[in-house]
1. Got at least one residue in region 18-26 being part of a strand (DSSP E or B), modelled with pLDDT of 85 or more, loosely packed, with under 11 Cβ neighbours inside 10 Å and among the hydrophobic types (A, V, I, L, M, F, W, C)?
2. Applying the selection to region 29-50, what residues are in contact with a strand residue (DSSP E or B) (Cβ under 7 Å, 6 or more places away or on another chain) and either exposed (fewer than 10 other Cβ atoms within 10 Å of the Cβ) or part of a helix (DSSP H, G or I) (or both)?
3. What about VAL9, is it touching a Ser or Thr at 6+ places or on another chain (Cβ under 9 Å) and either modelled with pLDDT of 95 or more or surrounded by fewer than 16 Cβ atoms within 10 Å (Cβ to Cβ) (or both)?
4. Kindly establish whether ARG85 is loosely packed, with under 13 Cβ neighbours inside 10 Å, part of a helix (DSSP H, G or I), charged (D, E, K, R) and at pLDDT below 95.
5. For region 27-53, enumerate the residues that are touching an Asp or Glu at 6+ places or on another chain (Cβ under 9 Å), closer than 18 Å to GLY67 by Cβ and of a type outside the set (Lys, Arg).
6. Limited to region 1-17, what total is found for residues that are in a strand (DSSP E or B), of a type outside the set (A, V, I, L, M, F, W, C) and under 23 Å from LEU66 (Cβ atoms)?
7. Looking only at region 1-56, which residues are in contact (Cβ under 8 Å) with a residue 24 or more places away in the chain and among the acidic types (Asp, Glu)?
Amino acid sequence: MSSISAIEVSNLTRRYGDFVAVEQFNLRVESGECVAILGPNGAGKTTVVEILEAFRHRDEGDVLVLGTDPARGLRGSARTPRSPRGGLPWWAC
């Protein structure tokens, strides 16, 4: 029985013009693990989480949440259901 990692991030990069907010970020979280992303103000923590939630796009890299690319939606569908706040609905997780 194979298991899917809860989160897989590989070489994630996000730029705002000339400013690089996140550069070559890598993370793997297995199901059942609890992690924290720590860093000073402006380190890109919120940007990473918003990319995982599909609130922001990434410039480079690969992201999977429960085996699905959040930028593509649920199971690769072109249309992703949204909660009233704009993110994935609670039942999609």
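1. Yes; the residues of region 18-26 include at least one that is part of a strand (DSSP E or B), modelled with pLDDT of 85 or more, loosely packed, with under 11 Cβ neighbours inside 10 Å and among the hydrophobic types (A, V, I, L, M, F, W, C).
2. Within region 29-50, THR47, VAL48 meet the criteria.
3. No: the conditions fail for VAL9.
4. Working: loosely packed, with under 13 Cβ neighbours inside 10 Å: yes; part of a helix (DSSP H, G or I): no; charged (D, E, K, R): yes; at pLDDT below 95: yes.
In short, no.
5. Result: LEU27, VAL29.
6. 5
7. GLU8, GLU30, GLU33, GLU53
The values are calculated or read from the model by the stated rules, or taken from the named source; none is laboratory data. Small disclaimer: the values here were computed from a predicted structure and weren't measured. Methodologically, a virtual Cβ is constructed for each residue, glycine included, from the backbone with ideal geometry; neighbour enumeration extends over all protein chains shown.
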